[in-house]
1. In the stretch 70-97, what residues are assigned to a loop (DSSP other than H, G, I, E, B) and at pLDDT below 90?
2. Examine the stretch 34-44 for a residue that is at pLDDT 95 or above, among the polar types (S, T, N, Q) and surrounded by 14 or more Cβ atoms within 10 Å (Cβ to Cβ), and state whether such a residue exists.
3. So, residue 53, is that one surrounded by 12 or more Cβ atoms within 10 Å (Cβ to Cβ) and either touching a residue at least 60 places away in the same chain (Cβ under 8 Å) or among the charged types (D, E, K, R) (or both) or not?
4. Do the conditions hold for residue 100, that is, is it in a strand (DSSP E or B), free of Cβ contacts under 8 Å to residues at least 60 places away in the same chain and either in contact with a helix residue (DSSP H, G or I) (Cβ under 9 Å, 6 or more places away or on another chain) or not basic (Lys, Arg) (or both)?
5. Among the numbered criteria (1) of a type in the set (S, T, N, Q); (2) at pLDDT below 95; (3) surrounded by 12 or more Cβ atoms within 10 Å (Cβ to Cβ), which one does residue 48 miss?
6. Report yes if residue 124 is of a type in the set (Val, Ile, Thr), surrounded by 14 or more Cβ atoms within 10 Å (Cβ to Cβ) and in contact with a Leu (Cβ under 7 Å, 6 or more places away or on another chain), otherwise no.
7. Identify, please: which residue in the stretch 115-146 is in contact with a helix residue (DSSP H, G or I) (Cβ under 7 Å, 6 or more places away or on another chain) and not aromatic (Phe, Trp, Tyr) and is, among those, nearest to residue 76 (Cα to Cα)?
8. Tell me the helices (runs of 4 or more DSSP H) entirely within the stretch 2-69 that contain at least 2 residues that are among the hydroxyl-bearing types (Ser, Thr, Tyr) and closer than 24 Å to residue 146 by Cβ.
Amino acid sequence: MINLNILNTKNYLDCYNLLTTRERDLQYYKNLGWTLGQFKLQFINKSNYGTGLFDKNVILAFIFGNLISIDKKLEYEILLIYVNEKKRNLGYATKLLNNILENLETKKLEKINLEVSSNNINAINLYEKFQFKKIGIRKKYYLYKDTRIDGYCFEKIINE
């Protein structure tokens, strides 16, 4: 049975180890700075907030980011969404995003921000399905296979 749980500081290793199941993904995220140490730092950060999909005690997918209050307005910055390669296209990323929206709406969430590489078409399609709007481009921001590619900045205003 698949369960959705809020991630805690102990889950950083589960999330990191999930990335290690696919070498190409592990190298990609390491190139972006997501080392084991960075996962640990993120998860002990007081602003970290995330959820994971688990089958028994095995993590299948996760989302995490920073939940921050600016001038008494609550914002969430998605840092990473990841789904086990064998579990993709089953709606898990959609479940994670829906859960974030439902849980944080009660806390008066006003905005969600994220950044994605311009070649990550599946992620871009997911964000557009959730009515995220592209608000900017970071030229040649990501390194992908020895080539610099653009990063897209997306934003979703809640309860417009």
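The values are calculated or read from the model by the stated rules, or taken from the named source; none is laboratory data. Just so you know, these numbers come straight off a predicted model, no measurement behind them. Every residue, glycine as well, gets a Cβ built from its backbone with ideal geometry; the counts of neighbours run over all protein chains shown.
1. 71, 72
2. For the stretch 34-44, residues at pLDDT 95 or above, among the polar types (S, T, N, Q) and surrounded by 14 or more Cβ atoms within 10 Å (Cβ to Cβ): present.
3. The answer is no for residue 53.
4. no
5. (2)
6. In short, no.
7. Looking at residues that are in contact with a helix residue (DSSP H, G or I) (Cβ under 7 Å, 6 or more places away or on another chain) and not aromatic (Phe, Trp, Tyr), I get 116.
8. 23-31
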